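Here is the structure we will look at.
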2 protein chains.
Amino acid sequence: MTFEPDALKTLVQRYLDTVVNGSADDVAALYAEDATLEDPVGGGEVHIGRQAIAGFYKNTDGLELSTELLSFRSGGTEAAFVFAITVGTMRIEPIEVMTFNSEGLITSMKAYWGPADITQL
Amino acid sequence: MTFEPDALKTLVQRYLDTVVNGSADDVAALYAEDATLEDPVGGGEVHIGRQAIAGFYKNTDGLELSTELLSFRSGGTEAAFVFAITVGTMRIEPIEVMTFNSEGLITSMKAYWGPADITQL
């Protein structure tokens, strides 16, 4: 199966909006039950399953966040995009890759960024 | 194992330079023997092995090409980057994800782009 690019972009935008406006559980609900999350890639930790993923997003629960989709590409059931996230005075611009199942739930997320991609506002 | 970000960036830049200046076999030699290539992602075709990969690059052998690395991220043994490639009067800006083995050879490449990412110069 494949999604239209616009459908995947809508899913990614909903994810970025939920990161800002939703709870950790709200964000985790956008993931499939057995999804995986690696953020940052190479950081040595892969979060497996919706509960572990909710735990990851609890790290930023209650913090002042904003997100902005900067660049979006997709193919089949996958999306790759550049976005900015600000946490307090820190701005990070990762490249992220997501795969989706037929229900539009995220089955894997990988975020590529490092210290060089952080700026202080 | 992991690479320093600069080491991966050097490998990606060498790849983009070889796409411009090398033959299809030169580009394929940057890949591991059992590497995979999907370009575009979702296009329905995954090229497996160095010989199939050389065949993919033969599509643009002899054409006037240029490439430019626009944005680069890495983690562990993986890199994600935005680049521009011009083929004649056509400019495409994919997001690409590559994984590498310990010898610095590409073990997988996935290119995310679609018709919306093509501009006519």
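The values are calculated or read from the model by the stated rules, or taken from the named source; none is laboratory data. Computed from a prediction, not measured in an experiment: that's the story for all the values here. All Cβ positions, even for glycine, are placed from backbone atoms using ideal geometry, and neighbour counts span all protein chains on display.
Odds and ends about this structure:
- Subset of the stretch A:22-55 [surrounded by 16 or more Cβ atoms within 10 Å (Cβ to Cβ), out of contact with any Gly (no Cβ under 7 Å at 6 or more places or on another chain) and under 19 Å from residue A:85 (Cα atoms)]: A:22, A:24, A:27, A:28, A:30, A:37, A:38, A:39, A:53, A:54
- Any hit, the stretch B:54-73, residues being acidic (Asp, Glu) and part of a helix (DSSP H, G or I): no
- In the stretch B:1-33, the residue that is nearest to residue B:67 (Cα to Cα) out of those that are assigned to a strand (DSSP E or B) and touching a residue at least 24 places away in the same chain (Cβ under 8 Å) is B:31.
- Within the stretch A:78-104, the set of residues being touching a Leu at 6+ places or on another chain (Cβ under 9 Å), within 7 Å of chain B (Cβ to nearest Cβ) and of a type outside the set (A, V, I, L, M) comprises just one member, A:78.
- Of residues in the stretch A:56-77 being of a type in the set (A, V, I, L, M) and touching a helix residue (DSSP H, G or I) at 6+ places or on another chain (Cβ under 8 Å), the one modelled with the lowest pLDDT: A:65
- Answer residue from the stretch B:10-50, given it is of a type outside the set (Asp, Glu) and farther than 20 Å from residue B:104 by Cα and is farthest from the other protein chains (Cβ to nearest Cβ) among those: B:46
- Qualifying position, being under 11 Å from the mean Cα position of the chain (by Cα), surrounded by fewer than 17 Cβ atoms within 10 Å (Cβ to Cβ) and within 24 Å of residue A:120 (Cα to Cα), among A:17, A:61: A:17
- Number of residues in the stretch B:51-66 that are among the β-branched types (Val, Ile, Thr) and either more than 15 Å from residue B:106 (Cβ to Cβ) or within 14 Å of another protein chain (Cβ to nearest Cβ) (or both): the value is 1.
- Verdict on residue A:114 being at pLDDT below 95 and within 14 Å of chain B (Cβ to nearest Cβ): yes
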